[in-house]
Amino acid sequence: MATQEQTLKPLTRDEVAKHNKAGDLWVIVDSIVYDLSKFGNLHPGGIGVLLDEEVAGQDATTVFYGLHRSEILLRPQYQRLKIGQIEGEKQLIKHMQPGDISRVPYGEPTWLTPEFKSPYYKESHRALQKVMRKFVDEVIYPDAQACEESGKRASKEVLEAMAKTNLNAMRLGPGKHLHGRELFGGVVKGEEFDYFHELVLNQEVARMGARGYGDGLNAGMVIGLPPVLNFGQEPLRSKVVEEVFSGQKVISLAISEAFAGSDVANLKTAATKSEDGKFWTINGTKKWISGGMHSDYFTVGAKTEGGLTAFLVPRGEGVETKQIKTSYSTAAGTAYITIDNVKIPAENMLGPEDGGLLVILSNFNHERWVMCCASARSSRMVVEECLKWAAQRQVFGKPLLAQAVIRAKFAAMIAKVEAIQAWLESVTYQMNNMTYKEQSRNLAGQIAFLKMQSTRFAGEIADDAVNIFGGRGLTKTGMGKFIEQFQRTQKFDAILGGAEEVLGDLGVRQAMRKMPKDVRL
């Protein structure tokens, strides 16, 4: 955010040109004059860059935007360097404010673009988008950028704000758990909340541009709490659901093991029932558990005598978590969990004994759809970053966009993000008009294909984006920081929730089961 508006002295370009040496150094950026006399020796790029004949005492707008993101100028320490404005000139570059809609072509899905219409979104969807965008920009984004770098979990203030707005409850999707709740101050009623409302939330959250932090921002709740909500026993069910929704406690899904990834039926973690049937003793390990380091509860899949059973395991004696370092930030809280002779009451069983596979599988469609929402929006954000960069980057005296080979890359990138968003919205419409059983029967293959294609396109977009940004696309800070992060972390979406190959095969197998037996060429 910009500091309070300053009164700037009118200056001429001739006056500015006189201040062009070390200790007496002014520059112009977008008509604003900055006094860098004292800042010069602190400049991260060295004083030599500032003393260049195209910078010192000159209009350095083009040079500046070739090296720095515009958000830098809004920082208080740089706002204080402003001393004047070129007489008779106005700023031409508009800085994005919290809640703003991007004006970059294809920077927003078409339903948010004024020239286009959509049959899917009602006024309540648009109202929710407005408040959610502002919430992400003002509350989540600054914390996300700081924590992604430091590796720390989301701040207490952010988690409390999410609970206060009932965002935690909304992230589980439509259902009775939302009825009667005040959602974001009442912009939408819990009884009217549908999958398009949830799509809006998921896509706005993805805009924070911090992949590790995003996984640590209660993403484990989105997949770990539904088994409790849908299969838990009272009064434990209501107790845990309200603790998590209110931000008092954190939950994650603990299914994956080093021994079994997608092969859920062959987990090694085992649960043994006491002779009187009142307790279970669980032993085993879980790996790659998103948010596990932050969690108070774990939804655990374990082998039982007749198959697989799901349990709610609280953190306590015998439960240990160790940080796993992955390609993204430790803000994700990714954990290796050891469960050693942990005794829990039978009431902590989720669903029927030996019926855990249904409990776990019932979650997959929604989990994968949520990942599609985020992947589609992240890919679009990358395309927007590339368009901005290619328009301002000067190469051989022309913008990068003047190169035909670059335009060809954009043609492919834009087509991919538009295709995925359209498919995603089509699937979401079907979800709104099908019962849960109908979704399981008809949409498992569609969602599997959608996730497979979303993440494959994301990989291709990441590859093109790095080439467009060049060395900046490989640098963790500066102009290409979001590109570097996207190419480093987008593969998580291709693996988590089911690898691309597994999902592709699932989609084909579901199609084959529906093949009519009476058709021939």
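The values are calculated or read from the model by the stated rules, or taken from the named source; none is laboratory data. Remember, predicted model here, so these are calculated numbers, not experimental data. With ideal geometry, Cβ positions are generated from the backbone for all residues, glycine too; neighbour counts draw on all protein chains shown. These accessible areas exclude ligands, DNA and RNA; they are computed on the full protein's heavy atoms, side chains included. Shrake-Rupley method; radii C 1.70, N 1.55, O 1.52, S 1.80 Å.
Just a few scattered comments:
- Those residues of the stretch 276-297 which are under 17 Å from residue 324 (Cα atoms), assigned to a strand (DSSP E or B) and open to solvent by less than 10 Å² (accessible area, probe 1.4 Å), in sequence order: 286, 289
- Which numbered condition residue 336 fails, given (1) open to solvent by less than 50 Å² (accessible area, probe 1.4 Å); (2) modelled with pLDDT of 95 or more: (1)
- Qualifying residue in the stretch 469-487 (condition: of a type in the set (D, E, K, R) and farther than 30 Å from residue 71 by Cα): no
- Of the candidates 376, 390, 408, 412, the single residue that is farther than 19 Å from residue 457 by Cα and modelled with pLDDT of 95 or more is 390.
- Residue selected from the stretch 395-432 under the condition assigned to a helix (DSSP H, G or I) and either outside the structural domain of residue 368 (by TED's automatic domain parsing) or aromatic (Phe, Trp, Tyr) (or both), by the criterion surrounded by the fewest Cβ atoms within 10 Å (Cβ to Cβ): 429
- Within the stretch 86-100, residues that are modelled with pLDDT under 90 reach partners that are of a type outside the set (A, V, I, L, M, F, W, C) and open to solvent by less than 70 Å² (accessible area, probe 1.4 Å) with beta carbons closer than 7 Å, at six or more positions or on different chains, in the pairs 95/70.
- Residue under evaluation residue 77, criteria (1) open to solvent by 30 Å² or more (accessible area, probe 1.4 Å); (2) farther than 18 Å from residue 35 by Cβ, criterion not met: (2)
- Qualifying residue in the stretch 345-356 (condition: surrounded by 22 or more Cβ atoms within 10 Å (Cβ to Cβ), of a type in the set (A, V, I, L, M, F, W, C) and part of a helix (DSSP H, G or I)): no
- Criterion violated by residue 83 - all others in (1) touching a Phe, Trp or Tyr at 6+ places or on another chain (Cβ under 8 Å); (2) open to solvent by less than 50 Å² (accessible area, probe 1.4 Å) satisfied: (2)
Okay, residues lined up against (1) aromatic (Phe, Trp, Tyr); (2) open to solvent by less than 20 Å² (accessible area, probe 1.4 Å); (3) part of a helix (DSSP H, G or I); (4) not assigned by TED's automatic domain parsing to the domain that holds residue 449:
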{"position": "465", "(1), (2), (3), (4)": "no, yes, yes, no"}
{"position": "468", "(1), (2), (3), (4)": "no, yes, yes, no"}
{"position": "472", "(1), (2), (3), (4)": "no, no, yes, no"}
{"position": "488", "(1), (2), (3), (4)": "no, no, yes, no"}
{"position": "497", "(1), (2), (3), (4)": "no, yes, no, no"}
{"position": "502", "(1), (2), (3), (4)": "no, no, yes, no"}
{"position": "508", "(1), (2), (3), (4)": "no, no, yes, no"}
{"position": "519", "(1), (2), (3), (4)": "no, no, no, yes"}
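- Criterion: outside the structural domain of residue 376 (by TED's automatic domain parsing), over 15 Å from the mean Cα position of the chain (by Cα) and modelled with pLDDT under 95 - qualifying residue of 185, 173, 224, 220: 185
- Qualifying residue in the stretch 359-369 (condition: touching a residue at least 12 places away in the same chain (Cβ under 8 Å), polar (S, T, N, Q) and not in a helix (DSSP H, G or I)): yes
- Qualifying positions in the stretch 249-274 - more than 20 Å from residue 359 (Cα to Cα), open to solvent by 40 Å² or more (accessible area, probe 1.4 Å) and at pLDDT 95 or above: 249
- Residue in the stretch 70-84 that is of a type outside the set (D, E, K, R), in contact with a Leu (Cβ under 9 Å, 6 or more places away or on another chain) and assigned to a loop (DSSP other than H, G, I, E, B) present: yes
- Selection from the stretch 100-129 of residues that are open to solvent by less than 60 Å² (accessible area, probe 1.4 Å), assigned to a helix (DSSP H, G or I) and over 14 Å from residue 383 (Cβ atoms): 111, 112, 124, 125, 127, 128, 129
- Elements of type helices (runs of 4 or more DSSP H) in the stretch 166-252, at least 1 residues being closer than 24 Å to residue 347 by Cβ: 167-170, 219-224, 226-231, 236-245
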